[in-house]
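Quick notes on the structure that follows.
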Amino acid sequence: MTAAPVTLLQLYLMRHGETEWSLSGQHTGRSDIPLTARGEDEARALAPWLRDIRFARVLCSPRQRARRTSELAGLGAAVETAPDLAEWDYGDYEGLRSADIDKGRPGWIIFRDGCPGGESAAQISDRADRLIAGLQNIGGNVALFSHGHFSCVLAARWIGLPVIEAQHLSLGTASLSILGHASNHPEVRVIALWNAAPAALAPAPR
């Protein structure tokens with residue numbers, strides 16, 4: 001008898017749709033801001049990309065903007081809340097724009113400096129590592145609905161990079177990214193797709 005092939009974990013990572021604060025550039029961590037009408041349309045555009053994929057689990061940040069995105073993307077019935085998928089806790093910088101922060105702290109980079117009264121870079125790295133470790137024994141596809149900064153950190157940690165390297169990644173609203181493994185070297189983790197925007201692209205990938 002031959003052993004059944006091992007199904008590797010593959011993460012389908014979705015950032016939530018547009019909100020008023022994502023549009024204005026305000027840092028949105030703990031604030032529970034709803035999607036705009038455009039953000040809901042963006043989330044709906046994810047549905048054709050996801051409907052034919054069999055997911056072992058569907059996990060979502062506790063924030064309504066992420067949960068609503070999962071619902072409009074067609075996966076709301078299966079979604080589980082995962083607190084580790086919440087956005088970076090911006091602490092004293094909640095609701096501020098990067099330009100506002102830079103006035104009082106020139107050269108600030110969240111992926112290096114963290115947020116006073118919120119999470120440090122080390123804390124966010126530990127949170128991403130904890131999430132990855134908790135998913136390791138799952139085979140197949142897992143859908144994750146999260147946020148911009150945390151998703152960039154998750155991708156960096158997935159491929160073994162320190163948090164500071166996440167500054168080189170950027171995500172649009174209601175984007176789709178895939179974190180998986182190299183086809184010829186399954187022990188190597190890769191970013192198989194990054195920042196794809198279903199709302200702007202057609203048709204859905206096969």
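The values are calculated or read from the model by the stated rules, or taken from the named source; none is laboratory data. Everything quoted here is computed from the prediction, not taken from an experiment. As a convention, Cβ positions derive from the backbone with ideal geometry for all residues, glycine included, and neighbour counts pool all protein chains shown. Just the protein is used for accessible areas: all its heavy atoms, side chains included, with ligands, DNA and RNA removed. Shrake-Rupley method; radii C 1.70, N 1.55, O 1.52, S 1.80 Å.
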Anisotropy class of the chain from Cα gyration tensor, a/c 1.5 cut: oblate
Cα shape, the stretch 80-173, gyration tensor, a/c 1.5 rule: prolate
Relative contact order (%) - criterion: Cα under 8 Å, at least six apart; region: the stretch 43-121: 26
Linear extension gain, Ile53 paired with Arg130, 0.36 nm per residue minus alpha-carbon span: 25.2 nm
FRET efficiency for Ala196 and Gln123, using Cβ-Cβ distance with R0 set to 45 Å, rounded to 0.05: 0.95
Nearest 10 degrees, 0 to 90: helix 37-50 Cα axis against the chain principal axis: 20
Solution diffusion estimate, µm²/s, Stokes-Einstein, the stretch 127-206, Kirkwood Rh from C-alpha pairs, 20 °C, viscosity 1.002 mPa s: 158
Cα-based helix-to-principal-axis angle, 148-158 vs the chain, degrees rounded to 10: 50
Positive-end residue of Ser177, Ala66, Ser146, charge dipole of the chain with Cβ unit charges: Ser177
C-alpha long axis of helix 121-135 to longest principal axis of the chain, angle in °: 20
Gap separating the Cα centres of the stretch 89-117 and the stretch 165-195, nearest whole Å: 26
Percent accessible area from carbon and sulfur atoms, the chain, protein chains only, probe 1.4 Å: 51
The chain - percent relative contact order, Cα under 8 Å, separation 6 or more: 30
Only Lys, Arg (+1) and Asp, Glu (-1) charged, at Cβ; the chain dipole about Cα centre in debye: 460
Three-way shape call for the stretch 12-57 based on the alpha-carbon gyration tensor, with the a/c threshold at 1.5: prolate
